[in-house]
């Protein structure tokens, strides 16, 4: 045998472990059925939207035929709707990937032989997180870009800030998968997936309710959206992404009532909110690391 | 029968030689304790495995063997106690750099193939290995023709074989095998036994947890017996099994004859059946053939003396106490009285 084991420095060992586990997580994502589910759902969504958007120009309505300008405006709103669907598919796919990759391995015993290796548990967890981040981000960027291109080809609409929109969608995915990772270190893999999805949906609803509250100048109801966007920033980020996707003229048309519409975003995200999102991710990841470091395997 | 479990008997505490400093040992554990809720799974266990030594871990289900192993390998955080692996503190993950482990629950990524699993563990073990090395490892466990097959399609036995190959990744100096043959057929068990012996020849320390007493008896230099989370006996096989016994069927046993029987060892009587446990009288403590010869002579002298004392001798049967007898005796005594056995440290 020519195997050679030399003692690496702690930093080299940590980086090597993180990269190895990240690569393993990516490979797991591509080999599991979840990738096929994601691909099928995304392709379906793209195809359906391509067909739908192609019908917009010159479409007959009760107010007469849509002009190209009107159809572009409508397309920008519809794009928000479709992108919401797309982000949901990716976020949920990643959440359901994150649960089993940690919780499932702990439950089945796959973790035993891995964690008994000369590795820090935190490196294993960070590797998994990194792998999921890369997977989710790359996927949402490709799927989102494809969706934008579909709209561009069909109705010649191009979002004002496409890169920002994709970055915010990626961040939304990262928030959700970090939460799923934390939950899967505490509860069963399936329960963590379901809880993540539930919280994602609840935050979105809270955001819509909050928007209606704001439109109606009801501070109490409006606060629901604000608080939920702080507790789980997925909806806050989604609203930021919508703002980067939609036609600015939509806001002008709707005037002050825009907050009441779930697929129109009144304002872009503040730097403070983005900073909070980063802090939120760090906090949840730290909790996850603490829980994973302490548990018996 | 309780004589083979007498307190202060052969259950010698494993006091390491002066030369056995924690740094020179493959495994050194001191005072390891773990509670799960109100239940104390492992109570102040200290044990060591010298380099190149094969140590067997025995005990009933729930005795704390797997928890002890997991604490050694950093999988379970001990409530108290210390671990050193190959001279490095167990709190440093790099102390496991040359440690192989086959868990009792052997599961590997089902979506990888066997070669990929070994490659993954090679990278996690910070070891350089070629495709040829991995094939050799798979050959050692009889999986050379399954290198590119999905682990998810493997039978349990094949997965356990793969687990053995994984434990051998990175030329380990210490291998911890937790029930390594639980899913193997008789042939596979023999192969594992040969593998352990081969590892010992190469100077690899092995900690073997197994329910199969025969397996342990054949390959282990030393045995540690756990009961209710405590070490209740430990020592070399010779120390634990050195005891021999002689069973005699006698009649007309007078008090002087009884006295004569007692000079040989502890006497148990069951009607006309007298069983005498003979302490190990050998110099080096080895239960070898020479030892048996000297025991023969002793028994022969005993019979002559008994006849001279007027005892009618109908039968004489001499045997050695098996590890199974010892284990059962210890565990039964442990169940009878939780505190009667002496604790080795």
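All of the numbers you see were taken from the coordinates with simple rules; none came from a lab. Here the structure is a predicted model, which is why all the values come from computation and not from measurement. Neighbour counts run over all protein chains shown; Cβ positions are idealised from the backbone, glycine included.
Put simply, when B:22-34, A:80-92 are sorted by average Cβ atoms within 10 angstrom per residue, most first, you get A:80-92, B:22-34. In this label model, residue A:161 and residue A:149 are separated by 2.4 nm, measuring between points 7 Å along each Cα→Cβ vector. A straight chain from residue A:142 to residue A:290 at 0.36 nm per residue would run longer than the Cα-Cα distance by 49.9 nm.
In plain terms, the C-alpha convex hull of chain B casts an average shadow of 19.7 nm² when viewed from every direction.
In µm²/s, what is D for the range A:46-131 at 20 °C and 1.002 mPa s, where D = kT/(6 pi eta Rh) by Stokes-Einstein and Rh is the Kirkwood radius from Cα pairs? Write out the running numbers ahead of the final one.
Numbers: Rh = 16.8 Å.
Translational D for this selection: 128 µm²/s.
Give me the percent relative contact order of chain B, please, defined on Cα pairs under 8 angstrom at least 6 residues apart. Can you show the working numbers first?
Values: 673 pairs, mean separation 78.3, N = 345.
Value for chain B: 23 percent.
For the residues A:187, A:140, A:21, a GNM of chain A with alpha-carbon springs under 10 Å puts the largest fluctuation on A:187. Helical runs assigned H by DSSP (4 residues or longer) give chain B a calculated mean residue ellipticity at 222 nm of -10000 deg cm²/dmol, each run adding -39500 (n - 2.57) before division by the residue total.
Residue by residue through B:117-129, how many Cβ atoms from other chains fall within 10 Å of the Cβ on average? Provide the component values of the computation, followed by the final result.
Numbers: counts 2, 0, 1, 8, 5, 4, 8, 15, 5, 13, 5, 5, 5.
Per residue, the average neighbour count from other chains is 6.
In this label model, residue B:254 and residue B:317 are separated by 2.9 nm, measuring between points 7 Å along each Cα→Cβ vector. Within the listed set B:103, B:78, B:93, the Gaussian network model of chain B (springs between alpha-carbon atoms below 10 Å) gives the highest mean-square fluctuation for B:93. Counting only alpha carbon atoms, the long axis of helix A:33-55 and the longest principal axis of chain A meet at about 10°. Here the spin labels are modelled as points 7 Å beyond Cα on the Cα-Cβ line, and at residue B:128 and residue A:283 they lie 4.7 nm apart. Stretching the chain fully between residue B:197 and residue B:300 yields a gain of 33.4 nm (0.36 nm per residue, less the alpha carbon separation). In a Debye calculation with equal point scatterers on the alpha-carbon sites of the range A:127-195 and no solvent, what is log10 I(q)/I(0) at q = 0.22 Å⁻¹? Those come out to -0.89, one per q.
With N denoting the number of residues in the protein assembly as shown, provide Rg(C-alpha) divided by 2.2 N^0.38 Å, to two decimal places.
On the way: Rg = 34.5 Å, N = 642, 2.2 N^0.38 = 25.7 Å.
Ratio of Cα Rg to 2.2 N^0.38 Å: 1.34.
Once C-alpha pairs closer than 8 Å and six or more residues apart are averaged by separation and normalised to the residue number of chain A, the relative contact order reads 22 percent.
How shielded is A:289-297 by partner chains, expressed as the average number of their Cβ atoms within 10 Å of its Cβ atoms?
The shielding value for this peptide is 2.
Going from the alpha-carbon gyration tensor of chain A, what semi-axes, largest first and in whole Å, does one get by taking the root of 5 times each eigenvalue? List each step's numbers first, then the result.
Values: eigenvalues 317, 95, 47 Å².
Semi-axes, largest first: 40, 22, 15 Å.
In this structure, residue B:39 and residue B:218 have a Cβ-Cβ separation that, at R0 = 35 Å, corresponds to a calculated FRET efficiency of about 0.55. Across peptide B:100-112, the average count of Cβ atoms from other chains found within 10 Å of a residue's Cβ is 5. Each 10 Å bin from zero up to the one holding the largest Cα-Cα distance in the range A:41-199 carries the following percent of pairs: 11, 32, 25, 17, 10, 4, 1, 0. Calculated mean residue ellipticity, 222 nm, chain A: -26500 deg cm²/dmol, from DSSP H runs (n ≥ 4) at -39500 (n - 2.57) each, averaged per residue and rounded to 500.
Note on chain B: antiparallel DSSP beta bridges, both residues inside, total approximately 70 percent of the bridges counted.
Once the Cα atoms are used to define both axes, helix A:271-294 deviates from the longest principal axis of chain A by about 30 degrees. For chain B, the longest principal axis of the Cα atoms and the long axis of helix B:289-308 meet at an angle of about 20 degrees.
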